[in-house]
1. Taking only the stretch 577-595 into account, find how many residues are at pLDDT below 85 and either touching a His at 6+ places or on another chain (Cβ under 9 Å) or within 15 Å of Ala141 (Cβ to Cβ) (or both).
2. What helices (runs of 4 or more DSSP H) lie completely within the stretch 486-570 and have 2 or more residues being within 20 Å of Gly393 (Cβ to Cβ) and modelled with pLDDT of 85 or more?
3. Check the stretch 474-481 and report whether any residue there is closer than 23 Å to Ala558 by Cα and either assigned by TED's automatic domain parsing to the domain that holds Thr561 or free of Cβ contacts under 8 Å to residues at least 12 places away in the same chain (or both).
4. Counting only residues that are among the aromatic types (Phe, Trp, Tyr), in contact with a helix residue (DSSP H, G or I) (Cβ under 7 Å, 6 or more places away or on another chain) and either at pLDDT 80 or above or assigned to a helix (DSSP H, G or I) (or both), how many does the stretch 160-215 have?
5. Give me the residue from the stretch 514-555 that is among the hydroxyl-bearing types (Ser, Thr, Tyr) and buried (at least 17 other Cβ atoms within 10 Å of the Cβ) and, out of that set, nearest to the chain's Cα centre (by Cα).
6. Go through the stretch 465-485 residue by residue and tally those that are at pLDDT below 85, part of a helix (DSSP H, G or I) and surrounded by fewer than 24 Cβ atoms within 10 Å (Cβ to Cβ).
7. Check Val150, Val143, Val132, Val121 and return the single one that is modelled with pLDDT under 80, crowded, with 19+ Cβ neighbours inside 10 Å and not in a loop (DSSP other than H, G, I, E, B).
8. With respect to Leu267, determine if the residue is surrounded by 22 or more Cβ atoms within 10 Å (Cβ to Cβ), touching a helix residue (DSSP H, G or I) at 6+ places or on another chain (Cβ under 9 Å) and either closer than 22 Å to Thr162 by Cα or at pLDDT 85 or above (or both).
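The values are calculated or read from the model by the stated rules, or taken from the named source; none is laboratory data. Bear in mind the structure is a predicted one, so any value in this text is a computation, not a measurement. Glycine also receives a Cβ, built like all others from the backbone with ideal geometry; neighbour counts cover every protein chain displayed.
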Amino acid sequence: MSTLTDLREGRVSDQLRRRILIGAGVLVAWAALALLLPNGAPPFIVLLGVVMGSITSLLAMGLILIYRTNRIINFAYGAMGSLGGAISLMLFMDHGVNYFVAIAIGVAAGIGIGALTDILVIRRFANASRLVLTVATIGLAQVLGVIELVGVGSGLVGGIQTPLGEYTQLVGTFTFSGDHALIVAVIPVVIAALAWFLLRTDAGVAVRAAAENSERALLLGIPVHRLSTIVWMAAGGIAALTFVLRTGVLGSQPGVMMGFTFLLPALAAAVVARMESLPVAFAAGIGLGVLEQLVWWNADARSMANVFFLAVILIALLARSETLSRAFAGGANSWSSAGAIRPLPSLIRKLPPVRIAYLAGGAALLALAITLPLIMNLTSSRLHMLGAMMIWGMVAVSLVVLTGWGGHISLGQFAFVGVGAVVTANLMERFNADLFLSLVAAGVAGAVIALLLGLPALRIKGLFLAVTTLAFAVALDTYFLNPTYFSNWIPSNVARPVLWERFDMSSQLVVYYVILAFLVLTILAAQGVRNSRTGRVLIATRDNENAAQAAAVPVMNAKLTAFMFSGAIAGIAGGLHVVLMRGIGVGSYGPGMSLDVFAMAVIGGIGSIGGALLGVFTIRMAEMLPFVGSVGRMLLTGAGLLIILYMLPGGLGQAMTGLRDRLVVLVVGGKGGLDPRQLGRATESTGDEPEDESGVLAGALADDGGETQGENL
């Protein structure tokens, strides 16, 4: 009544006016969609979208809570919910436990999983960079997936007949059941309880304060670690609850089978909310739920919804020009500092013994790669595996350029590989194009797509590019590279050519040598960029973008170069991959592959080419062992990732750096009297990878190869 009185008397607050405008806009958009869409936008579809969108909203809130507390994206979020939900379903389906009691136990298990995650994983990486901690959640997702498959079992797949499923009501052409009613009854209560906790309790106020500035909160005596555990407990319970509620309507599927498609709508809603506002995340989740149901109602391809999620993420990022919150700004730079391997000082590298040792080592490795197939008499299958491993190495090099040197996180690098594969396959099969011309076109296509996806990163740094590339990887895999929808443009069979009318690539050995040659060229090209002025500008921009801009460093040009060069490498790798695989199949370039190669590069040391290649080759060779099955592979990339990141934050390359320094001492110690500690001090004094801003910018702006006048041993 008071609102109507205010409207009549013209006393309308700004907040109420915004709500009225939003409501009117929603009604106008609904009417427009009903007219424009082929099958319209019937009310029962919108109602179903609101119901299912509430689950997306709750998941997005959990992601935001964790981000605001730890400034990371929790890629283990879906696995946490899947494990807790699987426990609930196992008790109900296999042991006859009451459905609601089983739900309560599953939520309790999710709360426990969240607490253990914070205590056993998050706290162990408290001093690590945000990049390392984010990658650790990828490894944690694999570990939780193994526990679910081994401990709970993977048989809980398909529809679940719940006690509430017996109560149904036909609305339009859809049947709303008691499971839908349970979602409507539970989700608002959970959201209200979450709002009460954050706004009305001392612990909730402390959580919000610690999220804004954890260092200041510690100085004020706020128990930040205990509050972090509470947040992770809440997030784990929310994830388990949403998984169980979802399975009552959509059926059950293990988390490792769903992959990251389960998280994509929630990630989109969280990005719309800038990983900050819970009310905005709730509204965005509802809107995306309605959008998803409308897509399913009007399109034959259900996976087209993933394309719309990608579009929403891109539009939301490009439309945002406001200053990021202090919580985000405080952790943005730390995303690019993980896995850096300390280089040798310039003057030491130029010493003849060191240069000879580097050249001899590189020549020995190349000779080994060339002669290995002949000496070992490798079979075609083994050559195929080695060729695939080298292609993964090329993708890892592209990540070094974009992430290690540019500071931009890409979790969809294999999507660019897929783009290059499609371009190469179509040019060779449809137009009988030359292989090398097709690879050039693949590189151009990869560069263009990488540039388009990287445009938001020119304005907003950090996790948003990671979300964008992951969303693109999901959309590309489920829709654009799905032979079901684009069978004419997804060649399942690609004939291998004969090079220069002499080298028949039907021979696996010839394919191996071609891929090896491109890997070597990729390494040389990337190292050339790193040693150039562009490479120094990339490092300067990564370390301190504001200082680089103040010194008139061409920041934008450096970023564009990183995106395009990285995408070009990945595109060429895709062209080689489709030749190696002789075609494209379903799931050939899934998002899980992008996360795997990213994790491998970080394990080795994503700050250098040698470190990233070491990580990829080590793990891929371990996967070739005959006793390593699917579960073993998950443990290798999961538990192994967590262990290595905890013991060697800089990856395997960190251990190799110490060995390298000792070898350098043996080579030049007699001439310069050096020891490893002096090498460390020499690195700081040369300006190669300086910690101070002036040194970085001096190296970036120098025209003499990055050496400042004050270099000395």
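1. 2
2. In the stretch 486-570, 508-531 are the helices (runs of 4 or more DSSP H) which contain 2 or more residues that are within 20 Å of Gly393 (Cβ to Cβ) and modelled with pLDDT of 85 or more.
3. Looking for residues that are closer than 23 Å to Ala558 by Cα and either assigned by TED's automatic domain parsing to the domain that holds Thr561 or free of Cβ contacts under 8 Å to residues at least 12 places away in the same chain (or both), one finds none in the stretch 474-481, hence no.
4. Summing the residues that are among the aromatic types (Phe, Trp, Tyr), in contact with a helix residue (DSSP H, G or I) (Cβ under 7 Å, 6 or more places away or on another chain) and either at pLDDT 80 or above or assigned to a helix (DSSP H, G or I) (or both) in the stretch 160-215 gives 1.
5. Thr541
6. 1
7. One residue alone meets the criteria, Val132.
8. Considered against the rule, which asks whether it is surrounded by 22 or more Cβ atoms within 10 Å (Cβ to Cβ), touching a helix residue (DSSP H, G or I) at 6+ places or on another chain (Cβ under 9 Å) and either closer than 22 Å to Thr162 by Cα or at pLDDT 85 or above (or both), Leu267 comes out as yes.
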